[in-house]
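Quick notes on the structure that follows.
Each reported figure results from applying straightforward, stated rules to the coordinates on display, with no laboratory input. Please read these numbers as outputs of a predicted model, since none were measured by experiment.
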């Protein structure tokens with residue numbers, strides 16, 4: 001991927017499908033989507049690090065992608081049994097998170113700092129886009145009606161999802177540059193992991 005892209009842009013591109021599909025049905029579902037993807041990514045990363053040389057080969061890569069797909073399918077069957085009412089939103093989009101590029105990003109990096117940073121930012125983006133889509137598209141926030149008429153009803157549709165993601169990414173870019181959040185997050189994540197290792 002182009003190194004000139006910012007971290008927010010990279011995460012947005014690597015996780016475009018979940019960011020669009022997983023934010024259409026409320027904050028809770030977006031949270032389930034994000035945590036499920038991160039869980040799958042952690043398992044895939046762990047398995048990859050056990051035998052890097054095998055998974056660097058073409059056959060190994062296919063097996064790794066198949067494994068991610070298999071885990072997401074298993075979760076799509078299991079989670080509706082646990083979550084009940086929320087299960088109405090589970091569909092083939094959820095199964096596809098197992099082959100989302102973000103799951104396979106930074107596999108070779110043995111340090112978990114970048115992994116944690118990527119998935120923290122992904123979780124933040126999922127929640128931000130979900131809240132924005134609900135607020136703009138339905139006029140409500142966490143199911144509490146705020147506007148009688150939605151300010152931007154198109155936010156509920158696929159085209160509106162792109163627009164909402166662009167707004168969220170733009171806000172994150174401004175905050176990141178203004179507060180130098182990337183360097184702070186990397187340092188805090190590294191410190192936390194180091195203290196846990198000790």
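Here are a few things to note about the model shown:
- Potential extension, residue 147-residue 91 segment - 0.36 nm per residue separation minus Cα distance: 17.2 nm
- Cα-only Debye scattering, region 20-106: base-10 log of I(q)/I(0) at q = 0.11, 0.20, 0.22, 0.23 Å⁻¹: -0.31, -0.86, -0.99, -1.06
- Estimated [θ] at 222 nm from DSSP helical runs (n ≥ 4, -39500 (n - 2.57)) normalised by residues in the chain, nearest 500: -23000 deg cm²/dmol
- For the chain, the percent of C-alpha pairs falling in each 5 Å distance bin, counted from 0 to the bin holding the largest distance, reads 1, 7, 14, 17, 18, 16, 13, 8, 3, 1, 0, 0.
- Here the extension length gained between residue 77 and residue 58 equals 3.9 nm, from 0.36 nm per residue of separation less the Cα-Cα distance.
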